[in-house]
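The values are calculated or read from the model by the stated rules, or taken from the named source; none is laboratory data. Source: prediction; values computed, not measured. Using ideal geometry, Cβ is built from the backbone for each residue, glycine included, and neighbour counts are taken over all protein chains shown.
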Amino acid sequence: MKMIMTGRQMTVYETTKEMAAKKLAKFEKFFDDNAEMTVSFSQRHGLDMVEITIRSGGLMFRGEEGSDSFANAIDAAIDSLERQIRKNKTRLEKRLRDGIHIDPVEEEAEEEPFRIRTKTFDVKPMSVEEAILQMQLLGHQFFVFSDAETGDTCVVYQRKDGDYGLIVPR
């Protein structure tokens, strides 16, 4: 597995990179040699943040965690990624066909298929600002609306950092 480590607006010490590489080596048993792992280190809001992204066979796994130290943040991100892999084991095996290897001893109970709840609502034309206000009034983390200027169906959402994001179709 190819591993790339970078620091966002900071320099990452070699000791931190070596420690991360040692801890992340456990994922080599799950993925083949074509997989690519990107590890980004940053500091936000007084926390050491680690973002780990693994790309393999057209699938992407991502874990982002923050803690008082990079070692603790890496451990938390690894736990998050392992949960994702184990939770989606059956679907992944069907999709990757030997691209991901999960030991039967370590697997969790197989989960049921997706439960989907359908909700219908009227999509009204409005500005992005109105959509954010409506989302806040409803107490939701995202809101689907029709852009009054373009007529496109868009989504506004609240990001982890407290800012807002806008998804616009091409």
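Take K22 and decide whether it is at pLDDT below 90, surrounded by fewer than 20 Cβ atoms within 10 Å (Cβ to Cβ) and either touching a Leu at 6+ places or on another chain (Cβ under 7 Å) or part of a helix (DSSP H, G or I) (or both). Considered against the rule, which asks whether it is at pLDDT below 90, surrounded by fewer than 20 Cβ atoms within 10 Å (Cβ to Cβ) and either touching a Leu at 6+ places or on another chain (Cβ under 7 Å) or part of a helix (DSSP H, G or I) (or both), K22 comes out as no. Would you say E112 is in contact with a helix residue (DSSP H, G or I) (Cβ under 8 Å, 6 or more places away or on another chain), assigned to a loop (DSSP other than H, G, I, E, B) and at pLDDT below 90? No; evaluated as a whole, the condition is false for this residue.
Sub-8 Å Cβ pairs linking a first residue in the range 120-147 that is closer than 11 Å to Y164 by Cα to a second residue that is surrounded by 16 or more Cβ atoms within 10 Å (Cβ to Cβ) and acidic (D, E), at least 6 apart or interchain, are V128/D147, ordered by first then second residue.
Pick out the one residue from F27, F61 that is touching a residue at least 40 places away in the same chain (Cβ under 8 Å) and either out of contact with any strand residue (DSSP E or B) (no Cβ under 6 Å at 6 or more places or on another chain) or of a type outside the set (D, E, K, R) (or both).
Working: F61 fails: touching a residue at least 40 places away in the same chain (Cβ under 8 Å).
Checking each option against the conditions leaves just F27.
Would it be correct to say that D32 is surrounded by fewer than 20 Cβ atoms within 10 Å (Cβ to Cβ) and modelled with pLDDT of 90 or more? Taking the combined requirement at face value, the residue does not satisfy it. Residues in the range 40-67 that are in a loop (DSSP other than H, G, I, E, B) and modelled with pLDDT under 85: G57, G58. Cβ separations smaller than 6 Å between residues 6+ apart or across chains give the following pairs from the range 46-58 residues that are crowded, with 18+ Cβ neighbours inside 10 Å to residues that are among the β-branched types (V, I, T) and not in a strand (DSSP E or B): V50/I74.
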